[in-house]
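K.L.:
Sharing a structure below in structure tokens format, with a few things to ask.
The values are calculated or read from the model by the stated rules, or taken from the named source; none is laboratory data. In this text, all values refer to a predicted model and were calculated from it rather than measured experimentally. Cβ coordinates were reconstructed from backbone atoms using ideal geometry, including for glycine residues, and neighbour counts include every protein chain displayed.
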Amino acid sequence: MSVQRSPIRGSGSGSEPDLSSMSRYDAFVGQRKRKLPDMEVDVDSELQKYRQDMVSLLEKSTENQNIQIAQLIREELADIKKEIRCIKIMNENLIQENLKLRNELSEIKNSHKTMQEQIYSLETDLHALKSNKTDKPTEKSLLSCNEDTVLEIQQRIERQKNIVIAGIHELQNNNLEQRQSYDRNEVLKLTKSIFSECPDPIKVFRLGKNKSGKNRLLKVCFTTAETAKYLLQNQQKNSCNIRLYSDQTPAQRNYMNHLKEELDRREKNGELDLTIKYIKNVPKIVKKLPKNGAQL
């Protein structure tokens, strides 16, 4: 039979605590509570320091990023300025090319107009030749006439770049180079006095055989017909007794002689109010203009 024991003091839910053992526990708990404030202070300082380090790191990172961004912006601006300069240069080149194309187009239009005038002149010459012939033209003669017409057009277009000068003194010696140099210098003096920016001619030579005591005509060739045309139209600026003429083909000279003979014949018949005038680069016999400028 088991012996019943009394319950241990302090154990069980309804028993009271053992006050004799409370002093050691309370001492331990009290000691830990007194150290907690020191631990909290250490954590706060560490957190504060950590925050400061993070803020400093963020500031440095932001500063580095700002420096990098500023550098990138400067590089981008430099590239943009360079591209703008390139665009300006390209724009200027395009403007120059546009002006050049306009000038070339103007020259083509002038050449086309001149060609039409030359064709009209040739048709007039052919009509005059046909009116003087009574025999019926054959197919062979027509083909030959067409070839002559084409050749005449080519010669007239080429001769439009030239002028013929009368009145320049000719040296009389046996040194060909000295004579050619003298003629070229005299031509340059004349052309520059009429047109200060006149380009130098590509060729200068005398026409016909050399005869003592006679100044032969000088033929001057330029690269464009515009130069020759300008000199002919402004030769009144020349103060010397020198005349400039267009470089005509034999057919043009024959036609001019024919007009002069016709003018002389009509004046002998009593028509005294006539003259020869160039209309669209074609010489014609027309009535003289009165002093008030009205056409008769």
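K.L.:
Return the total of residues in region 69-123 being over 27 Å from Ile153 (Cβ atoms) and among the polar types (S, T, N, Q). Quick ask: steps written out before the conclusion?
P.N.:
Initial filter on region 69-123 (over 27 Å from Ile153 (Cβ atoms)): 69-100.
Keeping just the survivors that are among the polar types (S, T, N, Q) gives 71, 91, 93, 96, 98.
Total meeting the criteria: 5.
K.L.:
Determine which member of the set Glu107, Glu76 is within 44 Å of the chain's Cα centre (by Cα), part of a helix (DSSP H, G or I) and modelled with pLDDT of 80 or more.
P.N.:
Glu76
K.L.:
Among the candidates Val164, Val150, which residue alone is closer than 30 Å to Ser111 by Cβ, of a type in the set (Val, Ile, Thr) and free of Cβ contacts under 8 Å to residues at least 24 places away in the same chain? If you could, list the steps in order and put the result at the bottom.
P.N.:
Details: Val164 fails: free of Cβ contacts under 8 Å to residues at least 24 places away in the same chain.
Unique residue meeting the criteria: Val150.
K.L.:
Examine region 167-180 for a residue that is under 28 Å from Met115 (Cα atoms) and surrounded by 14 or more Cβ atoms within 10 Å (Cβ to Cβ), and state whether such a residue exists. Before you say what the answer is, go through the steps one by one.
P.N.:
From region 167-180, those under 28 Å from Met115 (Cα atoms) are none; that's our starting set.
There is no residue in region 167-180 that is under 28 Å from Met115 (Cα atoms) and surrounded by 14 or more Cβ atoms within 10 Å (Cβ to Cβ).
K.L.:
Can you tell me which residue within region 170-196, out of those that are small (Gly, Ala, Ser) and in a helix (DSSP H, G or I), is nearest to Gly213 (Cα to Cα)?
P.N.:
Per the criteria, the residue is Ser181.
K.L.:
Of the conditions (1) of a type outside the set (Ser, Thr, Tyr); (2) under 15 Å from Leu232 (Cα atoms); (3) surrounded by fewer than 16 Cβ atoms within 10 Å (Cβ to Cβ), Cys198 fails just one. Which one is it?
P.N.:
Status for Cys198: all satisfied but (3).
Yes/no matrix, rows are residues, columns are (1) without any contact (Cβ under 8 Å) to a residue 24 or more places away in the chain; (2) farther than 20 Å from Gln252 by Cα; (3) outside the structural domain of Lys277 (by TED's automatic domain parsing); (4) β-branched (Val, Ile, Thr):
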{"site": "Ile73", "(1), (2), (3), (4)": "yes, yes, yes, yes"}
{"site": "Leu77", "(1), (2), (3), (4)": "yes, yes, yes, no"}
{"site": "Ile80", "(1), (2), (3), (4)": "yes, yes, yes, yes"}
{"site": "Arg85", "(1), (2), (3), (4)": "yes, yes, yes, no"}
{"site": "Met90", "(1), (2), (3), (4)": "yes, yes, yes, no"}
{"site": "Glu104", "(1), (2), (3), (4)": "yes, yes, yes, no"}
{"site": "Ser111", "(1), (2), (3), (4)": "no, no, yes, no"}
{"site": "Gln116", "(1), (2), (3), (4)": "yes, no, yes, no"}
{"site": "Thr124", "(1), (2), (3), (4)": "no, no, yes, yes"}
